[in-house]
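Presented below is the structure to which this report refers.
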Amino acid sequence: MSQVQGREIPPDEVRAALTTDERAELARLREENSALRTRPRPPRRRIRWRSVIAVVLLVLGCALAPVALVAVWTEQEVSDTDQFVETVGPLAADPAVQEALTNRITTTVFEHVDVQALANEAIDALAVQGLPPLLVQRLHALTPTIAAATTSFVREKVGEVVASPRFEAAWDQAVRVAHQQAVTVLSGDSRAIAVQGDTVYLDLAPFIDAAKERLSAEGLTAVDMVPEVHPTIALAPADQLVRAQTAYSALGSLASVLPWITLLLLAVGVYLVRVRMRAVVAAGLGVALALVVLAAGLLVARGLLVGAVPPAGAPAAASGFDIVVGSLRTAGRSLLVLALVVALCAFLAGPAATAVGVRRWAAGLLNRIRVGPSSTGAIGTWAHAHVRGLRIGAVALAALVFVFLDQPTGVTILIIAAVLLGVLGVIEFLGRPAPVASAPGTGS
């Protein structure tokens, strides 16, 4: 019951005070309230395990992309001697490396030839033959200058040897032999290379012999006194040789399987997602991001390497690192461009509003280009009937060109994508149905 100024109002009087419309509205509200109370609660939103699995697979595929790239690159460098020589061959032409080798070879020469002592011995012999003591004293005072001048002369000639094509050929040969021996060692035959202590060394004997021949031809016959020596440069520690052999055997299998595993993870992840074009975009951008992280890691590794060597050897270490990983960086840039191109194409083919707008703009442009129903003739009719097959064929042909390229670069990938885009544009132009002419007497 309702109360008005302390007096209770019976329900019949309340209903009598309402109009017909108000009573109908009240009845409707009561029915809605009753329906809401009796309606079962909506089921909880189930977790879409298919989407979760797809996300996990895409993330794993993106993360494994740079790992697969490094594995393939490492396997080629480690097992293929020709590839390794091609990679490290330019080291012999690098100025910083040439300077470091010149200093090392010059120091080795003067470890066995004491020019000042030889000059003093010659002056003493002349003194025995009756050379005036004052002249002997003055000549002895000149021996340090003679030694310094000889050192400068030898360094200059050694530098010429190091910068000569002959030295580059000797460098390639030495690197080839060392790599073949290293491959033999990693394959399990450790007798093919001498390991001194806990370190593997590069023998500089061929370079010493080349320098001796050049200096002797220039008239400095004293270098003939240098015996057959084998100065070395430490290449790598040998304390983990057994582990290296195990890793070498596993590397071949990993490099051949890991790229396919990566592609399989990405393909299955895209297949499980409902909107596949968006998944392709995400996969392309994810792979690109992973490759950027790899490039940053190479920069960090370069800084650590340069900081770990003495300041005098820092330029040579930096140049050597850049040359050795140059092919890896090139391959990474190519894969980065490919990932971005795939992501862009998937985005333009997807359901995004921007992509739809671009496609409509392109379709309108093609319609404006066509001037009439006979602009493409029989070719247009045939293209319209086979437009789907032509699209698939164009994409497949572009993929085959990319696959069969020996070493595709980022520029090459962009050219292939641009040509493919142009071919698809021609197919769409030829394959679009001709405009329908208006019937006579009707409006346009």
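The criterion of being charged (D, E, K, R) and at pLDDT 80 or above holds for R329.
For the range 334-355, indicate whether the set of residues that are in contact (Cβ under 8 Å) with a residue 24 or more places away in the chain and in contact with a Ser or Thr (Cβ under 7 Å, 6 or more places away or on another chain) is non-empty. Yes, there is a match, as at least one residue in the range 334-355 is in contact (Cβ under 8 Å) with a residue 24 or more places away in the chain and in contact with a Ser or Thr (Cβ under 7 Å, 6 or more places away or on another chain). G297 falls short on exactly one of the conditions (1) loosely packed, with under 14 Cβ neighbours inside 10 Å; (2) at pLDDT below 75, and that condition is (2). Selection of first residues in the range 377-398 that are over 11 Å from I427 (Cβ atoms) and modelled with pLDDT of 80 or more and of second residues that are assigned to a helix (DSSP H, G or I) and open to solvent by 50 Å² or more (accessible area, probe 1.4 Å), restricted to Cβ pairs under 9 Å at least 6 apart or on distinct chains, gives the following pairs, ordered by first then second residue: L397/V423; A398/V419; A398/V423. Put simply, of V358, V411 the only residue that is over 22 Å from L336 (Cα atoms), at pLDDT 75 or above, part of a helix (DSSP H, G or I) and open to solvent by 50 Å² or more (accessible area, probe 1.4 Å) is V358.
Conditions (1) part of a helix (DSSP H, G or I); (2) touching a Ser or Thr at 6+ places or on another chain (Cβ under 9 Å); (3) in contact (Cβ under 8 Å) with a residue 60 or more places away in the chain; (4) under 30 Å from I261 (Cα atoms), marked per residue:
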| residue | (1), (2), (3), (4) |
| --- | --- |
| R37 | yes, no, no, no |
| V72 | yes, yes, yes, yes |
| F110 | yes, yes, no, no |
| Q116 | yes, yes, no, no |
| E121 | yes, no, no, no |
| L139 | yes, no, no, no |
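Only one entry of L101, L91 meets the criterion of being part of a helix (DSSP H, G or I) and open to solvent by 20 Å² or more (accessible area, probe 1.4 Å), and that entry is L91.
The values are calculated or read from the model by the stated rules, or taken from the named source; none is laboratory data. Treat the numbers as computed from the prediction; the structure is a model and nothing was measured. Cβ sites come from the backbone with ideal geometry, for glycine too, and all protein chains shown count toward neighbours. Heads up: the accessible areas ignore ligands, DNA and RNA and are worked out on the full protein's heavy atoms, side chains in. Shrake-Rupley method; radii C 1.70, N 1.55, O 1.52, S 1.80 Å.
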